[in-house]
Structures are given as structure tokens and as C-alpha cells.
Amino acid sequence: MKESVLAIRAIGNAGFGEEAMSTLTKCFKRTENPTEIRLSAIQAFRRMSCSTDVSCNSIDFSAALILLFHIEY
């Protein structure tokens, strides 16, 4: 798991969030993944800008907030 977290963080640090958006989204949506991997995937988006080329609406940020704040419906 440590290697996965480091790889996800490297993607975010390098600013490759846009290129890896699909994979990162799958990482944080997959409930079987450990919380550390899911949070790392969410954090990898921090350098990604919302542009016309990449729609931020395609990322389910509500799922990310639920994960981060343990919101229950």
C-alpha cells in the first residue's frame, strides 16, 4: 500500500492530475481501497485547474467530501 500512496502523491506533485483523472477518480471512489489511498487520490487533484479541456464536474467531489468528513446520509 505504501508504494501505491507514494505513486499517487507523485502524480499529484508532478501536476499530472489531468492526465490521470480517470484513474485517480476510480481510486477515491473505490470503497474497497484503504482510506489513505482514497485520500491521496483526492489530494492529487490539488494542482489541477478547472479549464474548458477538463471539466471539474466530471469529478464527484461530493463523494470526496463524504469520505473526508465522514458525512452520513
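Restricting attention to helices (runs of 4 or more DSSP H) lying wholly within the chain, give those where 1 or more residues are modelled with pLDDT of 85 or more and among the charged types (D, E, K, R). Step through it out loud before you land on a result.
Details: elements: 2-14, 21-29, 35-43, 61-69.
Once the helices (runs of 4 or more DSSP H) in the chain are filtered for at least 1 residues that are modelled with pLDDT of 85 or more and among the charged types (D, E, K, R), what remains is 2-14, 21-29, 35-43.
Restricting to segment 30-45, name every residue that is of a type outside the set (Val, Ile, Thr) and farther than 11 Å from Ile11 by Cα.
Taking segment 30-45 and keeping what is of a type outside the set (Val, Ile, Thr), we get 30, 32-34, 36, 38-41, 43-45.
Result: Arg30, Glu32, Asn33, Pro34, Glu36, Arg38, Leu39.
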Identity of the residue in segment 2-17, surrounded by 15 or more Cβ atoms within 10 Å (Cβ to Cβ) and under 12 Å from the mean Cα position of the chain (by Cα), that ends up farthest from Ile37 (Cα to Cα): Phe16
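The values are calculated or read from the model by the stated rules, or taken from the named source; none is laboratory data. Here the structure is a predicted model, which means the values were calculated and not measured. In this analysis, Cβ positions are derived from the backbone assuming ideal geometry, glycine residues included, and neighbour counts consider all displayed protein chains.
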